[in-house]
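Since the structure comes first, as structure tokens, the remarks are kept for the end.
FYI, it's all coordinate maths here, none of it is from the lab. Values in this document were obtained by computation on a predicted structure and should not be read as measured data. Every residue, glycine as well, gets a Cβ built from its backbone with ideal geometry; the counts of neighbours run over all protein chains shown.
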Number of protein chains: 2
Amino acid sequence: MARAASLSGFPEWLPADRIVEERVIDLLKHTFELHGFAAVSTRALEPLSALAKDGEIDKEVFAVSRLHGDGTDAKNPLGLHFDLTVPFARYVVENAGRLSFPFKRYQIQPVWRGERPQDGRFREFVQADIDVVGEDALAEHFEVEVPLVMAEAFGRLSELGVPPVRILANDRRLIEGFARGVGLTDIAAVLRGIDKLDKIGEEKVAELLAAEAGADARQQELCLALARIESPDASFADEVRALGVSHPLLDEGLGSLTRLLEAAHRRAPGTVWAQLKIARGLDYYTGAVYETQLVGHEDLGSVASGGRYDALASTGKRTYPGVGMSLGVSRLMSRLVGADRMVESTRSVPTAVLVAVSTEADRPASDAVAAALRARGIPTDVAPAAAKFGKQIRYADRRGIPFVWFCDGETGHEVKDIRSGEQTGADPDVWTPPADDVWPRVERV
Amino acid sequence: MARAASLSGFPEWLPADRIVEERVIDLLKHTFELHGFAAVSTRALEPLSALAKDGEIDKEVFAVSRLHGDGTDAKNPLGLHFDLTVPFARYVVENAGRLSFPFKRYQIQPVWRGERPQDGRFREFVQADIDVVGEDALAEHFEVEVPLVMAEAFGRLSELGVPPVRILANDRRLIEGFARGVGLTDIAAVLRGIDKLDKIGEEKVAELLAAEAGADARQQELCLALARIESPDASFADEVRALGVSHPLLDEGLGSLTRLLEAAHRRAPGTVWAQLKIARGLDYYTGAVYETQLVGHEDLGSVASGGRYDALASTGKRTYPGVGMSLGVSRLMSRLVGADRMVESTRSVPTAVLVAVSTEADRPASDAVAAALRARGIPTDVAPAAAKFGKQIRYADRRGIPFVWFCDGETGHEVKDIRSGEQTGADPDVWTPPADDVWPRVERV
């Protein structure tokens, strides 16, 4: 019914690694829900018109059509969503009358992009997004809350062996105000230039700023001096002011980013850094912007990014400002279980106990033991065949199942820890494995 | 950034109903994992050639292509998977060397079909599949296990208010052997006819059997007599034998279905019925076949179907027989939260406690209370603005958040159950809501 046909850029995990991914997702969900974010799931398909930006459709989009469509669908061509922000914006507008604002939601789903696959970049990948959306207004304190929730989520992931992160923050108004203060007006060109700093270096960025934003030597140097500033606290503001540039929008951005750093420093010291070269390519951000480095794995790129946008969506009457971040689950997984594996599951199945089968006629007795264990929440499998016990133990061993249960009419019930070889009498209505062995554990390699 | 554009056949739930769907999925996962099924997730896209049946591509498939592709993808056109069986079969073949057989997996993902949307039928819908797959052989007892695991899953769903189910079983060999025993040879035509019984009635099925399978009056009557047989236990076999038809394949099917009913009756009495009109349209089934009725909602169609297939997948050297069932999560949801809503969540957010904010300057104190509660696993939100307390209480009430916490420098900490109006002193490091209030509950309406 099927032959192997692997596709590049569409990662699939083996069962043991899928346990890692499920654990990652469970911890993210748990963190988001502890903070009052509600789960939302949107359809995978959107009208291509909704995926367009300024009427242009990015080449990364996958178009979708009924293979044998009757033409009725052609009026409204569809595509797979390339992020979770566009569908969420549409969901907010569609359901605005039935949602309560500010609305906090999380959403964990695959997205699709047609771009060329490379390390950490896929054509299908899972994202975990949180956003807070207001109706017409959204308080500034949410710009602090969102990165701190993400930081807390990564904190929980560290239990699995995920390295610590550093969330890098900047503010669009700070860059724009600074650029205007030095006399530049093509802000988009300045942002594009600074955004390339890590890729092409200062010299090439200076050239870009000259060519595309019309920056003279002094303006180039000032922009680069701004982009060099970073600090683990609010001290960045003094460094910016020392550059001697002034503009009302710069003051606004400096004030807002200072409050963000102070609040973050108070609530989770060392987690959020100001890094003034963070620009983010997308042009809908209007306040705070964020990126996230996995410490020691900076080459992976940002594992969680986002920012503040004053108009996530709008209707004739209302606008919906928001602030959000998107965590790249697949990108993170590609590092956790990739070539230099960092974490692994203690087994490839959920099963804690394999009940052996003496003879096929005795299978009902084994089924009964399994039912008794499951009724007490212990994941249990029954041997597939009444083979020699050695073979049944190998069945468990190959999957990492720690316990094998023997039920023999004559000797009664015994359970063997196949790691230590220890075998003891046991009652299916009472025996419980150590808490650590009930479910697979995800551990640092 | 987005305007409303709802698409027919692509269901999306409001946050309160999404809590219902998440709870349904969590209970399914928990049941499957208790039985040792490992989670697998496959990409949404398959080569169109893999989605074809006998070289023909069903018109239900959605084709996918890069909107601005460079032609390199055209050699290998893609489509969205229309079920989870085809991708799983491909996954098994691709990873056969790294999987341990028999391999038990579950998979809960959306699938896409271009068919006309109607009640309980969507263009994008979530399925929850379990399958057991062997390498070259698969023991018969798995044909008992799979429907019993599904029955147990539905048993857990009944805690949420999901009606009881009846799993209906038949055996392909029984129908085929019977048809051959009465002298018919076009078995596919017989199966197609019997499969239509509920839709078109006996008279029209008899005409179909005559026209398409060449059945004479006696053969038609015998087939209909077989299709009328059903029993909650193994007594169906005597009724079949009383029809006086014999064939080796019939005996094989009767024996297998009898053992299935006896084992099911022993382990979960009343759950599995033999119903000999169950045929299942798909032609890859070779043994047991199953459908599942939601009692009192038979009009919804089967909510969980599947069967045994001797060659789920094959390579040059090996075949992979399997047995599986697929539960329609979206179909079930359409009934649970549809026009005649059966269940609902006690609130639309995960939040158990809203911490009020006295003044914006006091927000850090409220944040600290929230952090203390979250650290003890209590989902907590902080009021978005230091509005009048009446307005903050309404924020909680609109979302169904049961508790509002007040922290005032003078009066100390107090928590109010806004349902009863009761307000008491409380310590953020100690106070815990009743266990039932920590997370939203899903309840019968």
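A few notes on this one:
- Other protein chain C-beta atoms within 10 Å of residue C-beta, averaged over A:25-37: 5.
- Between the helical axis of A:197-213 and the longest alpha-carbon principal axis of chain A there is an angle of about 30 degrees.
- Between helix B:363-375 and chain B: long-axis angle, C-alpha atoms, 0 to 90°, nearest 10: 40
- When DSSP beta bridges are restricted to pairs lying wholly in region A:165-294, around 75% turn out antiparallel.
- In this rough spin-label picture, where each label sits 7 Å from Cα along the Cβ direction, the A:ILE200-A:ARG228 distance is 2.0 nm.
- What the pair-distance distribution of region A:165-294 shows, using all Cα-Cα distances binned every 5 Å from zero, is 2, 12, 23, 25, 21, 11, 4, 1, 0 percent.
- Only the Cβ atoms of Lys and Arg (+1) and of Asp and Glu (-1) were treated as charged; on that basis the dipole of region A:165-294 about its Cα centre amounts to roughly 340 debye.
- Listed residues B:LEU191, B:LEU243, B:LEU148, most fluctuating in chain B (Gaussian network, C-alpha, under 10 Å): B:LEU243
- FRET E, pair B:GLU262, A:THR346, Förster distance 35 Å, beta-carbon r, rounded to 0.05: 0.40
- In this simple spin-label approximation, A:SER158 and B:ASP436 carry label points 7 Å from Cα along the Cα→Cβ vector, and these lie 3.9 nm apart.
- Projecting the Cα atoms of B:PHE103, B:ALA387, B:LEU28 onto the dipole axis of chain B, where Lys and Arg carry +1 and Asp and Glu carry -1 at the beta carbon, places B:ALA387 farthest toward the positive end.
- Stokes-Einstein diffusion coefficient of the protein assembly as shown, Kirkwood radius over Cα pairs, 25 °C, 0.890 mPa s, in µm²/s: 82
- Between this copy and the others, label points of B:THR315 are 5.6 nm apart in ascending order, each placed 7 angstrom from Cα in the Cβ direction.
- Ascending count of other beta-carbon atoms within 10 Å, so fewest first, for B:HIS30, A:HIS68, B:HIS141: A:HIS68, B:HIS30, B:HIS141
- Span from the region B:341-411 Cα centroid across to the region B:116-155 one, whole angstrom: 42
- In region B:374-445, the convex hull through the Cα atoms has an average projected area of 5.7 nm², a quarter of its surface area.
- Whole-percent pair-distance distribution, where bins are 5 Å wide, for the alpha carbons of region A:71-142: 3, 13, 19, 18, 16, 14, 10, 6, 1, 0
- Residue mean of other protein chain beta carbons inside 10 Å, B:379-388: 4
- Entry note, chain B: the mean residue ellipticity at 222 nm calculated from DSSP H runs of n ≥ 4, each adding -39500 (n - 2.57), is -11000 deg cm²/dmol after division by the residues and rounding to the nearest 500.
- For the rotation that carries chain A onto chain B, the axis lies closest to a Cβ at A:VAL64, 3, where the number is the distance in whole Å.
- For peptides A:383-389, B:429-435, B:150-156, sequence by mean Cβ density within 10 Å, most packed first: B:150-156, A:383-389, B:429-435
- From largest to smallest, the equivalent ellipsoid semi-axes obtained for chain B from the alpha-carbon gyration tensor read 51, 26, 21 Å.
- Overall dimensions of region B:10-114, expressed as equivalent-ellipsoid semi-axes from the Cα gyration tensor (√(5λ), whole Å, largest first), are 28, 22, 12.
- log₁₀ of I(q)/I(0) at q = 0.10, 0.15, 0.20, 0.21 Å⁻¹ - region A:304-445, Debye sum with one point per alpha carbon: -0.50, -0.77, -1.13, -1.21
- Shortest-first distances to equivalent copies, position B:ASP436, nm, label 7 Å out along Cβ: 3.8
- Annotation: the residues A:TYR284, A:TYR106, sorted from fewest to most other C-beta atoms within 10 Å of their own C-beta, follow the order A:TYR284, A:TYR106.
- The angle separating the long axis of helix B:217-228 from the principal Cα axis of greatest extent in chain B is about 30 degrees.
- Region B:84-160 - share of DSSP beta bridges that are antiparallel (%, nearest 5): 100
- Short-range pairs are left out: with C-alpha atoms under 8 Å and at least six residues apart, the relative contact order of region A:160-226 is 30 percent.
- Residues A:ILE167, B:ILE108, A:ILE57 arranged by fewest to most Cβ contacts within 10 Å: A:ILE57, B:ILE108, A:ILE167
- Considering only region B:346-444, percent of DSSP beta bridges that pair antiparallel, nearest 5: 60
- The alpha carbons of region A:303-353 occupy a box of 59, 28, 11 Å along the principal axes, longest dimension given first.
- Taking B:VAL61, B:VAL24, B:VAL133 in turn, the Gaussian network model of chain B (Cα-Cα springs below 10 Å) assigns the largest fluctuation to B:VAL61.
- Shape category assigned to region A:169-242 from the gyration tensor of Cα positions, a/c cut at 1.5: prolate
- Residues of region B:107-126 with amide N under 19 Å of a point placed 7 Å along Cα→Cβ from A:ASN76: B:112-125
- Inter-chain Cβ neighbour count for A:38-50, averaged per residue, equals 6 (cutoff 10 Å, partner chain atoms only).
- Take A:ASP340, push a point 7 Å out from Cα through the beta-carbon direction, and compare it with the same point in every other copy: 6.1 nm, smallest first.
- Remark: region A:86-201 carries a charge dipole of roughly 400 debye about the Cα centre, counting +1 on each Lys and Arg Cβ and -1 on each Asp and Glu Cβ.
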